[in-house]
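Following: one structure in structure tokens, then a few remarks.
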Amino acid sequence: MSAESHQRFSEAMKLLHQVAEEKKEEMQKVLGDKFGTIRDALQTVVTENQETIDHVKKMAEKTFEQGSEKIKDAATDLDKKMKENPWPYVAGIAFAALLLGHVLGSSKK
């Protein structure tokens, strides 16, 4: 490569580097603006719907509490019934174990 060719190549590389830097800054600005716009839009949606979001949260909490109470009540009732007359439950569990053993034992054949 001659000295003149080398100089032209160097100048071309400097020019490419300069253009790349300018475009890099421009792209960063455009992307920053777009992401800022998206972030602002999401913030606006959340702000405008905060009342609805809070209402849904309260309903979910209330439903969870009611479900927990029902489960506790059912467990308490079952416990009382089992203490009063445990034999039907013992027989039911034995039958279920026998049935499960039969199904699992016969599936190997």
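Computed about its Cα centre, the charge dipole of the chain is approximately 820 debye, with only Lys, Arg, Asp and Glu carrying charge at their Cβ.
One Cα centroid belongs to the range 57-75, the other to the range 2-48; the line between them spans 54 Å. Which log10 I(q)/I(0) values, to two decimals, does the chain give at q = 0.16 Å⁻¹ under the Debye formula with one point per Cα? Log10 I(q)/I(0), no solvent term: -0.97. Helix 3-48 and the longest principal axis of the C-alpha atoms of the chain enclose an angle of approximately 40°.
With the convex hull of the Cα atoms taken as the outline of the range 1-48, the averaged projected area works out to 3.3 nm². Think of it as helices only: each DSSP H run of n ≥ 4 in the chain is worth -39500 (n - 2.57), and spread over all residues that comes to -34000 deg cm²/dmol at 222 nm.
The numbers here are math on the coordinates, done by the rules we state, and not lab data. None of the values given here were measured: they were computed from a predicted structure. Using ideal geometry, Cβ is built from the backbone for each residue, glycine included, and neighbour counts are taken over all protein chains shown.
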